[in-house]
Amino acid sequence: MTRFVLQRARHGVFSILGIVVLVFLLSRLTGSPARLYLPEDASDQVVAQFNAQHGFDKPVFVQLLTFLRGTLRGDFGDSLLYGQPALHVVLTRYPATLMLAVVAMLIATTLGVLIGARAAARKESLADKVSRVISLGALSIPDFWVGIMGIALFAVYLGVLPTSGSAGPAYWVLPVATLVLRPTGILAQVVRTSMVDALAADYIRVAKSKGVAQHSIVFKHALRNAAIPIIAVAGVLMAGIVNGALVVETVFGWPGVGNLMVTAIHGRDFAVIQAVVLVTGIAIIILNFGIDLAYSWLNPQIRLGK
């Protein structure tokens, strides 16, 4: 088990390093942000002073080494847009994104498991066929289209929900519903497939012959043995929800890290861009690490490399 943990940790460190270097280099390809923050008639001397003040006049390799040294100390530099340490700016926005993602994932997991398990228990019935059609439709619709249509219908046409912000419970409905739809459809399909195989196993037939209740057979016996692919997919979907929040937060004006990222890209705020990507990358790697531990605990063959 210790070897398994160390191996996953090593992979995580190399992944984070690769993410940091790639984002740093790609952000620099957009050029110096001097022209965005200085007057249009600023002289070359003023531009040179701006670049020197923020370290943009140095070779890219030197800038990268400076950034890596600062990262090890938790110093990502100061935000050009907000005039504050970039890490502080990002961390103040992250709670809103995490709350949105966690609420959406809890709802999606609950609905996906219930729909998929019920469909598997009633294989090839009308309810099973309807649930499959609905789940396939849900996982096929892009998030941004759902968000825009939700605003058009419930905010503009009916006027029952707000279009943007996070001032109260009503502001959560459209963003959460937009994020929930796709993962619910995916989980329902995965759960159904896994449960169909589990319900066909010999121990299920034994349980039925002993008179065990159908609800107990489905949710206590079969679901646990079908849990490994479900947990693996749920972990990937959670990471996808965090990434998808970038689009959803932009559509709904949600004050989270996704909205911050878009603003930072438009403003060439390199420090904030790098801090957002690094913190998000670390969060996703830790999440995947936790998922690895969870299904290695469920199936010892995974951690033993068999």
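Does Ala227 fit the bill of being within 30 Å of Trp172 (Cβ to Cβ), open to solvent by less than 50 Å² (accessible area, probe 1.4 Å), modelled with pLDDT under 75 and not hydroxyl-bearing (Ser, Thr, Tyr)? Steps first, please.
Details: within 30 Å of Trp172 (Cβ to Cβ): yes; open to solvent by less than 50 Å² (accessible area, probe 1.4 Å): yes; modelled with pLDDT under 75: yes; not hydroxyl-bearing (Ser, Thr, Tyr): yes.
Yes; evaluated as a whole, the condition is true for this residue.
Being open to solvent by 70 Å² or more (accessible area, probe 1.4 Å) and closer than 15 Å to Gly185 by Cβ is the filter here; which residues of the range 119-128 pass it?
none
Give the number of residues within the range 33-53 that are within 19 Å of Ala275 (Cβ to Cβ) and open to solvent by less than 50 Å² (accessible area, probe 1.4 Å).
The number of residues fulfilling the criteria is 1.
Out of the residues in the range 179-195 that are over 14 Å from Leu111 (Cβ atoms) and surrounded by 18 or more Cβ atoms within 10 Å (Cβ to Cβ), state the one that is nearest to the chain's Cα centre (by Cα).
Ser194
Report yes if some residue within the range 98-116 is surrounded by fewer than 16 Cβ atoms within 10 Å (Cβ to Cβ), closer than 15 Å to Leu181 by Cβ and polar (S, T, N, Q); otherwise report no.
yes
Give me the helices (runs of 4 or more DSSP H) completely within the range 1-61, filtered to those with at least 3 residues that are within 25 Å of the chain's Cα centre (by Cα) and not polar (S, T, N, Q), ordered by residue number.
2-28
I'd like to verify a number: residues in the range 2-31 that are at pLDDT 70 or above, more than 20 Å from Val276 (Cβ to Cβ) and of a type in the set (S, T, N, Q), how many?
1
With the requirement that a residue be among the hydrophobic types (A, V, I, L, M, F, W, C) and either loosely packed, with under 13 Cβ neighbours inside 10 Å or part of a loop (DSSP other than H, G, I, E, B) (or both), what does the range 129-148 give you?
Result: Val130, Val133, Ile141, Trp145.
Output yes when any residue across the range 85-103 is at positive phi and out of contact with any Pro (no Cβ under 7 Å at 6 or more places or on another chain), and no when none is.
Going residue by residue through the range 85-103, those that are at positive phi are none.
No, the conditions are met nowhere in the range 85-103.
Could you check the range 246-268 and list, in sequence order, the residues that are among the aliphatic types (A, V, I, L, M), open to solvent by less than 30 Å² (accessible area, probe 1.4 Å) and within 20 Å of Ala170 (Cβ to Cβ)? Show your work before the answer.
Of the range 246-268, the ones among the aliphatic types (A, V, I, L, M) are 246-248, 251, 257, 260-262, 264-265.
Filter again for open to solvent by less than 30 Å² (accessible area, probe 1.4 Å), leaving 248, 257, 260-261, 264.
Within the range 246-268, just Val248 meets the criteria.
The values are calculated or read from the model by the stated rules, or taken from the named source; none is laboratory data. Not measured: the values here are computed from a predicted model. Every residue, glycine among them, receives a Cβ derived from its backbone with ideal geometry; neighbour counts consider all protein chains shown. Remember, those area values only see protein heavy atoms, side chains included, never the ligands or the DNA or RNA. Shrake-Rupley method; radii C 1.70, N 1.55, O 1.52, S 1.80 Å.
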